[in-house]
Amino acid sequence: MERRAFITGITAGVGMFGGCLSTLQVNDGNGIRTTRTERRSHDVGSKTRLRVHNPNGSVTVTGHEETTATIDIEIRGPTERSVEAVSVKTDRSDDQLAVVTGYDHTNAERADVSLTVNYPNEAPIERLRTTNGSIEVRDTAGDPELTSQSGNLSIENVDGTVALSTNNGSITARDIGGLRNATASNGSIEIDVPSITGDVAVRTDNGGIDAALGQDLNAAITATTSHTPIDLHGVTLAKDGPTTVSGTLGDGMHTLTFETNNGSIDLRQLSA
C-alpha cells in the first residue's frame, strides 16, 4: 500500500510538466489496468476556437483566466499494448486548437481516454464530440455544440448559444446565453432557455423535460407529451388538451417546441 501511494505521488508530479508521459499499472477492482497520463500546454489567443473529438471517453472543459490551454490526457487499457495503440493529437493553427483521439483498432481493445481541458475563458468553445462518453463544460465563451452518441451532457455558465445532442444520456444546461437545440433519444433534459435566435426544438423520446423560460423570450411555444399532464409555474400558456399546451411569449418571432414521448414536462419562469 505504501509503495503504491509513493508511485502515484511521483506520477502526479511528473505529469505537471508539459509534454511529459507517465505510465502506471494499477488494480481498479476489475483487474490490472495500465494508465498513461500526460499534460500538454498551448498558448492561444482570445479568438482561438476549441474543437475536441474523443470517441471513447469523457471530455471536460473549464474556463480559466490564463492565456494558455492545458490538456490533461489519461489513457486507460487492460494492457500496455492497448494503451500504446491510442494517440491524442493536438493541432494548433492561427484560429483553432483541435484535440483528436485516434485508435489502432487492432490493439486498442477496451481502451478509453479522459480529456480535461482548461481553456481561456474569453476564447470560444466551438465543438466537442464523443461517441461513448460524457461531456462537461463550464465557465467558457463561444457558441458550443456538444454531441455524444452515448453520454451525459452538462453545460453551465456559458455566455453563448448552445446546441446539445445525445442519443443515450441526460442533458443539463444552466446559466447559458441562449439555446439552438437540445435533443436526447433516451434521457431527461433540464435546461434554461433565456433566448433563442431561430426555431428551436427540445425533444427526448424517453425522459422528462424541466425548462426555465427567460422573461424576455420571444417565442411561439408548443409543449406536448404522450400521456402525462404538463405543469406550468409562472408561465402563461393555454391548455389545448390534457397533454398539450401552447401560447406566445413576446412577439413570437420564432417557434420553441418541447416534446417527450415518455415523460413529464415542467415549464417555469427563469429567475432573473
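The values are calculated or read from the model by the stated rules, or taken from the named source; none is laboratory data. For clarity, every value in this text was computed on a predicted model and none was experimentally measured. We place every Cβ from the backbone using ideal geometry, glycine too, and count neighbours over all the protein chains shown.
Brief remarks on what is shown
- Yes/no for residue 229 being surrounded by fewer than 18 Cβ atoms within 10 Å (Cβ to Cβ), in contact (Cβ under 8 Å) with a residue 60 or more places away in the chain, more than 18 Å from the chain's Cα centre (by Cα) and assigned by TED's automatic domain parsing to the domain that holds residue 250: no
- So residue 94, is it over 16 Å from residue 43 (Cα atoms), outside any strand (DSSP E or B) and not assigned by TED's automatic domain parsing to the domain that holds residue 207: no
- Test for residue 222: is it in a strand (DSSP E or B) and more than 27 Å from residue 124 (Cβ to Cβ): yes
- Set 127, 92, 81: member being within 14 Å of the chain's Cα centre (by Cα) and among the charged types (D, E, K, R): 127
- The residues listed here are 139, 143, 159; of these, the one that is in a loop (DSSP other than H, G, I, E, B) and charged (D, E, K, R) is 143.
- Filtered by the rule that a residue be surrounded by fewer than 14 Cβ atoms within 10 Å (Cβ to Cβ) and touching a His at 6+ places or on another chain (Cβ under 6 Å), region 235-272 gives no residues.
- Scanning region 147-157 for residues being free of Cβ contacts under 8 Å to residues at least 40 places away in the same chain, crowded, with 23+ Cβ neighbours inside 10 Å and out of contact with any Lys or Arg (no Cβ under 8 Å at 6 or more places or on another chain) gives a total of 1.
- Verdict on residue 90 being at pLDDT below 95, of a type outside the set (A, V, I, L, M, F, W, C) and touching a Leu at 6+ places or on another chain (Cβ under 9 Å): no
- Of the residues 76, 40, the single one that is modelled with pLDDT under 95, part of a strand (DSSP E or B) and farther than 19 Å from residue 141 by Cα is 76.
- Selected residue (criterion: surrounded by the fewest Cβ atoms within 10 Å (Cβ to Cβ)) from residues of region 190-203 that are assigned to a strand (DSSP E or B) and touching a residue at least 40 places away in the same chain (Cβ under 8 Å): 201
- Residues of region 185-199 satisfying the condition of being charged (D, E, K, R) and in contact with a Lys or Arg (Cβ under 9 Å, 6 or more places away or on another chain): 190, 192
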